[in-house]
Amino acid sequence: MTDNTRTAIYPGSFDPVTNGHVDIAQRATNIFDRVIVAVSHNPQKQYLFTEEERLQMTRETFRENGKISVINFSGLVANLARDRKAVAIVRGLRAVSDFEAEFQLALMNRKMNRNVETVFLMTSFKYVYLSSSIIKDAAQHHGKYEDLVPPIVMKMLKQKYQVKD
């Protein structure tokens, strides 16, 4: 890695990672030399998957993309960006309703770290309604969601909800 490598952080809980997340991360590699997918741990949040399971799924999902690495973190994204010498924080937007909360986070991150920009990427139209919560609900109730998650996520959701093939 050279000093002029442009690194971006793509943070999230990824509980679980969806094809919408994959789309945003892969598109971010068209803008940045390196994208760090940062799987967050927030002790105040209740997750379906453990931190290790979320890391496993996310690493497996991106293992063939040499421009994407996956790490875990807790704390402030602005500090992670500083520590990793990132120039940007990537966030996906599905709808206008996402923008207000994301805008507030972006302003706070900018206040804490003046050297990092927040870059918003609009989700691809086919994933505009997609969220990890919707996927978990579909999986729990044996709905159809195969084309919305990576294969490793499909496998682990079936295990979690004890669904037989």
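The values are calculated or read from the model by the stated rules, or taken from the named source; none is laboratory data. As the structure is a computational prediction, the values presented were derived from the model and not from experiment. Here the Cβ is made from the backbone with ideal geometry for all residues, glycine too, and neighbour counts use every protein chain on show.
The criterion of being assigned to a loop (DSSP other than H, G, I, E, B), within 21 Å of ASP137 (Cα to Cα) and of a type in the set (D, E, K, R) does not hold for ASP98. Restricting ILE89, ILE31, ILE24, ILE9 to residues that are part of a loop (DSSP other than H, G, I, E, B) and either touching a Gly at 6+ places or on another chain (Cβ under 7 Å) or at pLDDT 95 or above (or both) narrows the list to ILE31.
Does VAL90 fit the bill of being in contact with a Leu (Cβ under 7 Å, 6 or more places away or on another chain), touching a residue at least 40 places away in the same chain (Cβ under 8 Å) and under 19 Å from VAL39 (Cβ atoms)?
Yes.
Checked against (1) without any contact (Cβ under 8 Å) to a residue 40 or more places away in the chain; (2) exposed (fewer than 14 other Cβ atoms within 10 Å of the Cβ); (3) farther than 22 Å from VAL35 by Cα; (4) not basic (Lys, Arg), ILE134 passes all but a single condition, namely (2).
Looking at VAL96, is it at pLDDT 95 or above, more than 13 Å from the chain's Cα centre (by Cα) and either under 18 Å from ILE9 (Cα atoms) or hydrophobic (A, V, I, L, M, F, W, C) (or both)?
Considered against the rule, which asks whether it is at pLDDT 95 or above, more than 13 Å from the chain's Cα centre (by Cα) and either under 18 Å from ILE9 (Cα atoms) or hydrophobic (A, V, I, L, M, F, W, C) (or both), VAL96 comes out as no.
Within the range 64-72, not a single residue is surrounded by 17 or more Cβ atoms within 10 Å (Cβ to Cβ) and touching a residue at least 60 places away in the same chain (Cβ under 8 Å).
Would you mention how many residues in the range 56-78 are of a type in the set (A, V, I, L, M) and in a strand (DSSP E or B)? Final tally of qualifying residues: 3.
None of ARG91, ARG54 is basic (Lys, Arg) and over 14 Å from THR118 (Cβ atoms) except ARG54. The requirement of being more than 15 Å from the chain's Cα centre (by Cα), in a helix (DSSP H, G or I) and more than 16 Å from PHE14 (Cα to Cα) is fulfilled nowhere in the range 130-137; no residue meets it.
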